[in-house]
Amino acid sequence: MENKQQSNGVMKGNNAVKKKVNLSVSLIVASLTGAFGSSFLYGYNLSVVNAPAGYIKKFYNETWERRYGFSVDEGTLTLLWSITVSIFAIGGLVGAIIVTPIVKFFGRKCTLLLNNVFAVAAALLMSLSLLAGSFEMLILGRVVMGVDAGISLSALPMYLSEISPKEIRGSLGQVTAIFICIGVLTGQVLGLPEIFGQESRWPFLFGAIIVPSLIQAVILPFLPESPRYLLLEKHNTSKAEKAFQRFLGKDDVSHEIEEVLAESRVQRNTKMVSVLELLRTRAVRWQIVTVVVTMGCYQLCGLNAIWYYTNNIFSESGIKHETIPYVTLSTGAVETLAAVFSGLVIERLGRRPLLIGGFGLMIVFFAVLTVSLTLQNTVHWLPYLSIFCILAIIASFCIGPGGIPFVLTGEFFQQSQRPAAFMIAGTVNWLSNFAVGLLFPFIQAGLQTYCFLVFAGICFAGATYLFFVLPETKNKTFHEISQAFAKRNKVTLEMQEMKHYPGERKSSEEQESNFTSSVDNGETKKGIV
């Protein structure tokens with residue numbers, strides 16, 4: 001009976017700690033501020049070009065006529081518009097490639113801060129293009145904005161995964177996806193005719209990008225850098241302790257320091273590895289393959305095709321053309337609600353069920369949508385079933401495939417591997433994004449409504465792979481996740497320790513010695529900073 005009471009006391013104590021962690025003001029502010037100036041802008045720039053498309057094309061034509069004395073032909077205008085939309089992905093690829101050295105040198109938080117330079121520059125270029133009479137400024141602004149997105153979609157998940165306690169790491173990681181969805185919805189709202197969706201106001205849609213960037217630039221400097229980065233890469237025990245104290249909302253962070261040092265002992269060193277070194281490392285081979293599969297499916301699963309068909313399906317349902325922009329808001333709202341739902345349940349259900357289940361539901365609704373679109377001219381109520389399927393596919397995507405790939409990339413890899421891993425993930429993400437934009441018109445032209453079966457096949461392949469390969473990472477340390485992959489990678493834990501990255505080493509014993517010294521000097525037991 002006494003043991004049972006003690007056990008209950010421990011459980012209550014643990015729950016109290018979890019509650020305190022969840023309510024840490026610094027952790028919440030860092031997550032929201034980081035996402036608002038980063039993934040929010042990515043989502044916003046995905047949708048913001050849709051509403052003013054007609055006005056921007058008119059601007060292109062007028063500029064061309066003023067320069068050359070004749071109107072641009074339809075083919076050239078289509079090419080210019082296609083470049084304007086798709087070049088965002090090229091900028092994203094550049095950002096994903098350059099992010100690794102930036103986060104190594106400047107750190108996670110400072111990278112997010114410096115990235116605002118790209119966002120502000122892009123906003124000025126795009127918003128002033130009409131005034132300057134230069135459509136090249138708009139296209140260049142899209143490139144620069146893509147660079148910002150490429151950096152933020154790697155640096156933000158990295159930062160969130162490193163400041164989060166493992167008990168809420170998945171929920172906090174979903175903040176990235178939630179703010180992407182909020183950004184998409186915001187772009188739809190601001191693009192309404194009553195706000196900025198008018199010929200004279202469309203530049204303000206791009207100028208609004210400055211607002212989240214400035215808010216992040218003002219707030220983020222007052223929040224700590226990633227404690228794991230400070231401890232393992234900068235070897236600054238004192239600052240790491242203070243960062244842990246602020247993010248966890250407690251004085252005694254010796255357990256968290258020891259947990260990070262335990263990872264360091266497995267690594268044997270904290271030397272950052274290159275992409276080539278990471279690809280050659282057997283101990284993370286299946287982690288890399290899994291990241292490539294999840295990121296590839298994230299872009300190739302067909303959500304872009306859904307956006308392509310949305311207006312047409314709404315029109316077929318009898319919705320008036322001028323009403324469609326308002327009805328389209330329902331897609332953004334469903335997207336946001338599904339992402340929030342995923343963030344609330346991910347620590348209870350786990351990553352595997354949400355990711356595999358999301359792909360599974362998309363397969364079902366893609367199949368139903370194919371039938372519905374094929375037969376919609378024969379049965380009057382089928383267009384309404386198509387609308388339901390569109391909303392269901394969007395929701396299915398957002399509860400799992402829409403955010404968890406970013407979470408997994410942060411969870412799979414240890415400190416020295418993480419920047420290179422995010423570079424690989426980002427490259428796959430943006431190359432897949434560009435491939436969809438390039439190839440989808442041809443797929444759609446050749447297969448018509450049956451194109452959704454291609455995406456259903458991709459979802460099926462992704463779900464099957466993840467069912468057999470992906471371990472559950474909920475509430476596990478980075479070391480425990482490496483253990484889960486050890487057998488599949490055909491390495492023992494001893495081999496992982498012996499064969500981790502050769503080169504200059506700073507032993508974990510030295511770091512532990514520094515930590516012990518700081519405890520002796522009374523640094524660890526100070527109050528929350």
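VAL379 meets all of the listed conditions (1) out of contact with any Phe, Trp or Tyr (no Cβ under 8 Å at 6 or more places or on another chain); (2) in a helix (DSSP H, G or I); (3) without any contact (Cβ under 8 Å) to a residue 40 or more places away in the chain; (4) over 30 Å from GLU162 (Cβ atoms) but one, namely (2).
Results for (1) among the polar types (S, T, N, Q); (2) out of contact with any helix residue (DSSP H, G or I) (no Cβ under 7 Å at 6 or more places or on another chain); (3) over 30 Å from LEU130 (Cα atoms); (4) in contact (Cβ under 8 Å) with a residue 40 or more places away in the chain, shown as yes or no for each residue.
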site: TRP202; (1), (2), (3), (4): no, no, no, yes
site: PHE206; (1), (2), (3), (4): no, no, no, yes
site: VAL211; (1), (2), (3), (4): no, yes, no, no
site: VAL218; (1), (2), (3), (4): no, yes, no, no
site: PRO224; (1), (2), (3), (4): no, no, yes, yes
site: ARG228; (1), (2), (3), (4): no, no, yes, yes
site: SER238; (1), (2), (3), (4): yes, no, yes, yes
site: LYS242; (1), (2), (3), (4): no, yes, yes, yes
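Between GLU316, GLU347, which is of a type in the set (Asp, Glu) and at pLDDT 85 or above? From the options GLU316, GLU347, the qualifying one is GLU347.
Among the residues of the range 309-325, how many are in contact (Cβ under 8 Å) with a residue 40 or more places away in the chain and exposed (fewer than 15 other Cβ atoms within 10 Å of the Cβ)?
Just the residues of the range 309-325 that are in contact (Cβ under 8 Å) with a residue 40 or more places away in the chain, to begin with: 309-310, 313-314, 316-318, 325.
With the extra rule that they be exposed (fewer than 15 other Cβ atoms within 10 Å of the Cβ), the set shrinks to 318.
Number satisfying all stated conditions: 1.
Of all residues in the range 278-330, which are of a type in the set (Ser, Thr, Tyr) and part of a loop (DSSP other than H, G, I, E, B)? Correct list: THR281, SER317. Within the range 181-206, if we keep just the residues that are closer than 30 Å to GLY400 by Cβ and small (Gly, Ala, Ser), the residue that is nearest to the chain's Cα centre (by Cα) turns out to be GLY183. Out of everything in the range 175-217 that is outside any helix (DSSP H, G or I) and modelled with pLDDT of 95 or more, what residue ends up being surrounded by the most Cβ atoms within 10 Å (Cβ to Cβ)? So the residue we want is ILE209.
Taking ARG246 as the residue in question, decide whether it is touching a helix residue (DSSP H, G or I) at 6+ places or on another chain (Cβ under 8 Å) and either buried (at least 24 other Cβ atoms within 10 Å of the Cβ) or of a type in the set (D, E, K, R) (or both). The answer is yes for ARG246. Checked against the criteria, VAL99 does not count as touching a Ser or Thr at 6+ places or on another chain (Cβ under 9 Å) and farther than 20 Å from LEU160 by Cα.
The values are calculated or read from the model by the stated rules, or taken from the named source; none is laboratory data. Quantities reported herein were computed from a predicted structural model and do not represent experimental measurements. Cβ sites come from the backbone with ideal geometry, for glycine too, and all protein chains shown count toward neighbours.
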